[in-house]
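A.B. asks: Sharing a structure with you now.
The values are calculated or read from the model by the stated rules, or taken from the named source; none is laboratory data. Quick caveat: nothing in here was measured; it's all calculated off a predicted structure. Every residue, glycine as well, gets a Cβ built from its backbone with ideal geometry; the counts of neighbours run over all protein chains shown. Just so you know, the surface numbers come from the protein's heavy atoms only, side chains and all, with ligands and any DNA or RNA stripped out. Shrake-Rupley method; radii C 1.70, N 1.55, O 1.52, S 1.80 Å.
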Amino acid sequence: MKKIAIVMAAALSFGLLAGCRPTDFKKALGDWQLVHFEKDGVAQTIAISTLNIEEDEAAGSYSVSGFSGVNRFHGAYVVKGKQITVPVGFASTRMAGSPEAMEFESLFLRAMQSPSAWSVVQEDGLPMLVIESGAEAAKLSFRPLGVHDAVWKLSAVNVGNAVVSVEIANGATEALPMLEFSRDGAVSGTTGVNSIYMDYEIDMATHELTIAPGAVTLALTADENAERLEREFLHALAEVRKYSISGDTLHLLDENGTTLLTFQKQDFVL
């Protein structure tokens with residue numbers, strides 16, 4: 001379906017996140033994955049939803065964007081002294097989903113635009129961002145979202161003038177490249193032909209990512225498409241400098257922000 005950016009028509013009052021210093025909100029910077037949502041104290045079935053918070057020093061605010069189960073959204077949280085206000089309305093794409101997903105998305109966005117309190121707490125050794133909405137009687141809990149939170153399967157490659165699906169670019173291959181990033185700085189996976197073991201460095205606040213050359217097994221294949229894809233894949237990994245995550249999609253980018261490789265999430269790990 002065609003995507004069109006809109007500003008949500010519902011007029012929402014400014015939300016207030018009280019009782020925190022402006023510097024405290026820096027703890028919330030980065031990427032987050034929704035893992036729990038309560039409405040009126042009752043846990044709700046959730047769709048895959050993500051949240052990115054970045055500081056916009058020039059505007060004196062924090063940009064807020066993400067995926068709300070069906071559509072992309074973006075807005076801003078404005079910090080003034082010890083208060084954080086939410087401007088009326090987020091911008092969002094307009095795509096249709098299942099009735100259940102659309103209902104969840106509506107609840108999610110209303111809560112995100114009417115926060116009454118927030119905190120970053122430690123749970124099971126990991127930070128958790130908790131946003132509460134008094135107006136919606138809702139509580140949203142987010143875990144940090146990064147490349148290490150999933151097994152990623154290659155879905156598209158940059159062929160020089162466009163990013164196209166693997167099937168179009170290389171023909172149908174029985175096994176596609178996959179990557180899995182561990183939290184200790186190692187990345188393993190397959191090129192579709194060979195296994196790979198490499199190290200990586202990441203800055204989740206700036207979305208910088210580099211993957212160092214590593215070990216690759218030496219299996220051969222008679223499949224020319226698979227061999228070509230392996231060569232393109234390994235070359236692209238060496239050029240990676242940044243990343244972005246949107247819903248269940250991971251983009252690996254070069255230093256100019258050009259997409260080199262696109263992956264689909266295969267197995268989310270909480």
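A.B. asks: Can you name the residue in the stretch 192-215 that is assigned to a loop (DSSP other than H, G, I, E, B) and touching a helix residue (DSSP H, G or I) at 6+ places or on another chain (Cβ under 6 Å) and, of all such residues, is nearest to residue 71 (Cα to Cα)?
C.D. replies: Step by step, filter the stretch 192-215, then rank; the result is 192.
A.B. asks: Count, please, the residues in the stretch 195-215 that happen to be among the aliphatic types (A, V, I, L, M) and surrounded by fewer than 16 Cβ atoms within 10 Å (Cβ to Cβ).
C.D. replies: Number of matching residues: 3.
A.B. asks: Something else about it: So residue 261 ticks every box in (1) surrounded by 13 or more Cβ atoms within 10 Å (Cβ to Cβ); (2) modelled with pLDDT of 95 or more; (3) farther than 14 Å from residue 156 by Cβ but one. Which box is left unticked?
C.D. replies: All conditions pass for residue 261, except number (3).
A.B. asks: Next up: Taking the criterion of being out of contact with any Gly (no Cβ under 6 Å at 6 or more places or on another chain), assigned to a loop (DSSP other than H, G, I, E, B) and surrounded by fewer than 18 Cβ atoms within 10 Å (Cβ to Cβ), would at least one residue in the stretch 139-156 satisfy it?
C.D. replies: Within the stretch 139-156, none of the residues are out of contact with any Gly (no Cβ under 6 Å at 6 or more places or on another chain), assigned to a loop (DSSP other than H, G, I, E, B) and surrounded by fewer than 18 Cβ atoms within 10 Å (Cβ to Cβ).
A.B. asks: Right, here's the next one. Can you tell me how many residues within the stretch 201-224 are touching a residue at least 24 places away in the same chain (Cβ under 8 Å) and touching a Leu at 6+ places or on another chain (Cβ under 8 Å)?
C.D. replies: Count: 5.
A.B. asks: Let me ask you something else. Confirm whether residue 132 is closer than 16 Å to residue 32 by Cα, without any contact (Cβ under 8 Å) to a residue 24 or more places away in the chain and open to solvent by 30 Å² or more (accessible area, probe 1.4 Å).
C.D. replies: yes
A.B. asks: Follow-up question, since we're still on this one. Within the group 212, 219, 205, which residue is touching a Ser or Thr at 6+ places or on another chain (Cβ under 9 Å) and of a type outside the set (Lys, Arg)?
C.D. replies: Only one candidate passes the filter, namely 219.
A.B. asks: Here is a follow-up. Within the stretch 216-237, identify whether any single residue is in a strand (DSSP E or B) and small (Gly, Ala, Ser), and answer yes or no.
C.D. replies: Looking for residues that are in a strand (DSSP E or B) and small (Gly, Ala, Ser), one finds none in the stretch 216-237, hence no.
A.B. asks: Do we find that residue 189 is surrounded by fewer than 18 Cβ atoms within 10 Å (Cβ to Cβ) and either within 19 Å of the chain's Cα centre (by Cα) or free of Cβ contacts under 8 Å to residues at least 60 places away in the same chain (or both) in this structure?
C.D. replies: No; evaluated as a whole, the condition is false for this residue.
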